[in-house]
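Student: Take this structure, written in structure tokens, and hold onto it; I'll ask about it next.
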Amino acid sequence: MLRRPAETLASIYKQSIFTFSGKKTAMSRELHARRLEGVDKNIWVEFTQLAAEYKVVNLGQGFPDFSPPSFVCKAFCNAISGGASMHQYTRAFGHPPLVKILAKFFTRIIGQEIDPMEDVLVSVGAYQALFCTFQALIDEGDEVIIVEPFFDCYQPMVTMAGGTPVYVPLKPKKSSGQDLSSADWILCPEELASKLTPCTKAIVINTPNNPLGKVFQRDELQMIADFCIKHDIICISDEVYEWLTYDGTQHIKIASLPGMWERTVTIGSAGKTFSATGWKVGWAMGPGNIIKHLKTVHQNSVYHCATAAQEAVAVGFQREYDTFGTDESYFKQLPAQLQAKRLRLAECLRNVGLEPIMPQGGYFMITDISSLNIDLNDPSTKDELYDFRFVKWLIKEKGLATIPVSGFYSPEHRGNFQNYIRFCFAKEDSTLKAAEDILQQWRIKK
Ligand code: PMP
Ligand code: GLN
């Protein structure tokens, strides 16, 4: 059906859905709002469902299949079995103990006095923090620069806010004879500058990056910061994997660079921080004059997230504050644990002739699969990009779930990146072993 201007819809509504007897008839007009167009497909919905259906070894969706540390689990149990207040609403913008400890913790990291009540918004996971950020700051006609590859939800969130995503790629510069690393993927300053228009309102970065694992270094962040300051642009920095860096790579918060606190919204996730993705506690942090707009979206949509989960995360952060930098700190133990898994997966991929791009951070490792030359003859997927077809084949025929990397690219650039797949290595050793067994057997048979 043709789209009609909004002002005529009310009268059409009256005419078309009620008959003269007042009974409802079937609706013949378009049901969905225009902002949903082009954002109906979702890679997590599709591949998580497929992985569940085929009961596979799952290195697809990014969640640990091991338990969170016992101190946060205990804190959650204590919260649940504590007083009645833990089962009721708490402060809309974040449970007071949680915003207080988040502010205290990150004041020490960023070197900027953070006000718990003004500068922090606790949300239902990093997802909702991102959603509030785009809804609050992006208007019709605004352009948002997104660094590719990017966590897929940035694009629909910008679009749903009425903005236009503008993509700037990280490009690989291979140094021959060396192992591939996410550090080789570079954001070119000239290319970034070329994306600027009078409509540019914000840039989104993700460090450590999902899916590539790139951790932006100080000079790279400084280049982005200079760009933001020079052109009065807001920086949205998704840092959900901030504690997960390897081989001595350091995570730097762009908000800690001179002149950047004032214009940066930093997104965090307790799910990633404490290996408890199902708790869905996240936050946005930044100057009060920006965060207050995110709060407006939050108070009118979600209001607040689960009290007991926030209480448990608060206890977790207090413990991390007290043990920071020591061997007891989970923020030190988790990357050490994942480092071993990362090396194991890399070795396994090399053993079957695949060349992994070693991630400097995060949960994921990507690899080019074109050398495998698998002839995919499933007619049901013939119109899809190669990586989507390959991953479906791997799930259905080999019982191993991964994620196609072209899903982290804009529709314009997707076709150039259809030869990569992403593995999540934040998994039990037994899961990694099961994946290894599948890959080995497949190599012999291929
Ligand atoms: N940003 C990135 C880069 C992610 O990988 C994810 C998925 N964990 C999110 C945001 C959403 O995080 P959460 O599960 O806390 O909503
Ligand atoms: N961030 C996780 C990933 O990249 C999960 C995303 C999701 O399930 N929506 O795998």
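The values are calculated or read from the model by the stated rules, or taken from the named source; none is laboratory data. Quick caveat, the model's predicted, so the values are computed rather than measured. Positions of Cβ are backbone-derived with ideal geometry, glycine not excepted, and every protein chain shown enters the neighbour counts. Remember, those area values only see protein heavy atoms, side chains included, never the ligands or the DNA or RNA. Shrake-Rupley method; radii C 1.70, N 1.55, O 1.52, S 1.80 Å.
Student: Please enumerate the residues belonging to the range 287-340 that are open to solvent by less than 60 Å² (accessible area, probe 1.4 Å), closer than 19 Å to ALA103 by Cβ and aromatic (Phe, Trp, Tyr).
Tutor: PHE317, TYR321, PHE331
Student: Another question, then. Considering only the range 185-203, I want to know if a residue exists there that is touching a residue at least 60 places away in the same chain (Cβ under 8 Å), open to solvent by less than 60 Å² (accessible area, probe 1.4 Å) and under 27 Å from LEU98 (Cβ atoms).
Tutor: Yes - at least one qualifying residue is present in the range 185-203.
Condition check ((1) within 25 Å of ILE252 (Cα to Cα); (2) within 16 Å of ligand 2 (Cβ to nearest atom); (3) touching a helix residue (DSSP H, G or I) at 6+ places or on another chain (Cβ under 8 Å)) across all residues:
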residue	(1), (2), (3)
LEU50	no, yes, yes
PHE63	yes, yes, yes
PRO69	yes, no, yes
GLY83	no, no, no
THR90	no, no, yes
VAL99	yes, no, no
PHE105	yes, no, yes
GLN112	yes, no, yes
PRO116	yes, no, yes
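Student: Could we say that LYS272 is more than 19 Å from the chain's Cα centre (by Cα), modelled with pLDDT of 95 or more and open to solvent by 10 Å² or more (accessible area, probe 1.4 Å) here? Quick ask: steps written out before the conclusion?
Tutor: Values: more than 19 Å from the chain's Cα centre (by Cα): no; modelled with pLDDT of 95 or more: yes; open to solvent by 10 Å² or more (accessible area, probe 1.4 Å): yes.
Criteria not met by LYS272.
Student: Hand me the list of helices (runs of 4 or more DSSP H) wholly inside the range 147-257 holding 1 or more residues that are under 17 Å from the mean Cα position of the chain (by Cα). Please lay out each step first, then the result.
Tutor: On the way: elements: 154-160, 189-194, 218-231.
Of the helices (runs of 4 or more DSSP H) lying wholly inside the range 147-257, those with at least 1 residues that are under 17 Å from the mean Cα position of the chain (by Cα) span 154-160.
Student: Restricting attention to the range 285-301, does a residue exist that is within 13 Å of ligand 1 (Cβ to nearest atom) and at negative phi?
Tutor: If we filter the range 285-301 for residues that are within 13 Å of ligand 1 (Cβ to nearest atom), which is where we start, we get none.
No.
Student: Would you check which residues across the range 39-83 are of a type in the set (Phe, Trp, Tyr) and out of contact with any Lys or Arg (no Cβ under 8 Å at 6 or more places or on another chain) and list them? Walk me through it before giving the result.
Tutor: Kept after step one, since they are of a type in the set (Phe, Trp, Tyr), are these residues of the range 39-83: 44, 47, 54, 63, 66, 71, 76.
Result: TRP44, PHE47, PHE63, PHE76.
Student: Need the failing condition index for THR207 against (1) within 16 Å of ligand 2 (Cβ to nearest atom); (2) surrounded by fewer than 24 Cβ atoms within 10 Å (Cβ to Cβ); (3) not charged (D, E, K, R), just the number.
Tutor: (2)
Student: State all residues of the range 242-269 that are among the aromatic types (Phe, Trp, Tyr) and open to solvent by 10 Å² or more (accessible area, probe 1.4 Å); if no residue qualifies, say none.
Tutor: Of the range 242-269, the ones among the aromatic types (Phe, Trp, Tyr) are 243, 246, 261.
Within the range 242-269, TRP243, TRP261 meet the criteria.
Student: Select from the range 118-141 the residues that are in a loop (DSSP other than H, G, I, E, B) and open to solvent by less than 30 Å² (accessible area, probe 1.4 Å) and write down the one among them that is nearest to ligand 2 (Cβ to nearest atom).
Tutor: ILE138
Student: Shifting gears a bit: Condition first: touching a strand residue (DSSP E or B) at 6+ places or on another chain (Cβ under 9 Å), outside any strand (DSSP E or B) and more than 30 Å from TYR167 (Cα to Cα). Can you find one or more residues in the range 409-427 that meet it?
Tutor: Yes, there is a match, as at least one residue in the range 409-427 is touching a strand residue (DSSP E or B) at 6+ places or on another chain (Cβ under 9 Å), outside any strand (DSSP E or B) and more than 30 Å from TYR167 (Cα to Cα).
Student: Scan the range 391-416 for residues that are farther than 15 Å from ILE374 by Cα and more than 16 Å from ligand 2 (Cβ to nearest atom) and jot them down.
Tutor: Passing the criteria: GLY399, SER410, PRO411, GLU412, HIS413, ARG414, GLY415, ASN416.
Student: State whether the residues of the range 149-168 include one that is of a type in the set (A, V, I, L, M), open to solvent by less than 10 Å² (accessible area, probe 1.4 Å) and closer than 24 Å to GLY248 by Cα. So that I can check it myself, show each step before the final result.
Tutor: Narrowing the range 149-168 to residues of a type in the set (A, V, I, L, M): 157-158, 160-161, 166, 168.
Filter once more, so that each one left must be open to solvent by less than 10 Å² (accessible area, probe 1.4 Å): 158, 168.
Within this subset, residues satisfying the condition of being closer than 24 Å to GLY248 by Cα are none.
For the range 149-168, residues of a type in the set (A, V, I, L, M), open to solvent by less than 10 Å² (accessible area, probe 1.4 Å) and closer than 24 Å to GLY248 by Cα: absent.
Student: Still on this structure, please answer the following. Can you tell me which condition LYS55 does not meet? The list is (1) within 16 Å of ligand 2 (Cβ to nearest atom); (2) on the phi > 0 side of the Ramachandran plot, and all the others hold.
Tutor: So the condition that LYS55 fails would be (1).
Student: With the requirement that a residue be open to solvent by 30 Å² or more (accessible area, probe 1.4 Å) and within 27 Å of the chain's Cα centre (by Cα), what does the range 359-382 give you?
Tutor: To start, the set of residues in the range 359-382 that are open to solvent by 30 Å² or more (accessible area, probe 1.4 Å) comprises 368, 370-371, 373, 375, 377-380, 382.
Result: ASP368, SER370.
Student: Looking only at the range 387-416, which residues are crowded, with 22+ Cβ neighbours inside 10 Å and under 19 Å from SER182 (Cα atoms)?
Tutor: THR402, ILE403, PRO404, VAL405, SER406, GLY407, PHE408, TYR409, listed by residue number.
Student: Which residue is surrounded by the most Cβ atoms within 10 Å (Cβ to Cβ), if the candidates are limited to the range 275-286 and must be outside any loop (DSSP other than H, G, I, E, B) and within 14 Å of ligand 2 (Cβ to nearest atom)?
Tutor: Here is the first cut: in the range 275-286, the ones outside any loop (DSSP other than H, G, I, E, B) are 277-279, 282-285.
Keeping just the survivors that are within 14 Å of ligand 2 (Cβ to nearest atom) gives 277-279, 282.
Working: THR277: 20, GLY278: 9, TRP279: 23, GLY282: 25.
For the range 275-286, the residue satisfying everything is GLY282.
Conditions (1) without any contact (Cβ under 8 Å) to a residue 24 or more places away in the chain; (2) in a helix (DSSP H, G or I); (3) in contact with a helix residue (DSSP H, G or I) (Cβ under 7 Å, 6 or more places away or on another chain), marked per residue:
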{"position": "ALA308", "(1), (2), (3)": "no, yes, yes"}
{"position": "ALA314", "(1), (2), (3)": "no, yes, yes"}
{"position": "ASP322", "(1), (2), (3)": "yes, yes, no"}
{"position": "ALA346", "(1), (2), (3)": "yes, yes, no"}
{"position": "ILE366", "(1), (2), (3)": "no, no, yes"}
{"position": "SER371", "(1), (2), (3)": "yes, yes, no"}
{"position": "GLU384", "(1), (2), (3)": "yes, no, no"}
{"position": "PHE390", "(1), (2), (3)": "no, yes, no"}
{"position": "ILE395", "(1), (2), (3)": "no, yes, yes"}
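Student: Also: Can you find even one residue in the range 95-111 that is surrounded by 10 or more Cβ atoms within 10 Å (Cβ to Cβ), over 30 Å from PRO258 (Cα atoms) and of a type in the set (Gly, Ala, Ser)?
Tutor: No: zero hits.
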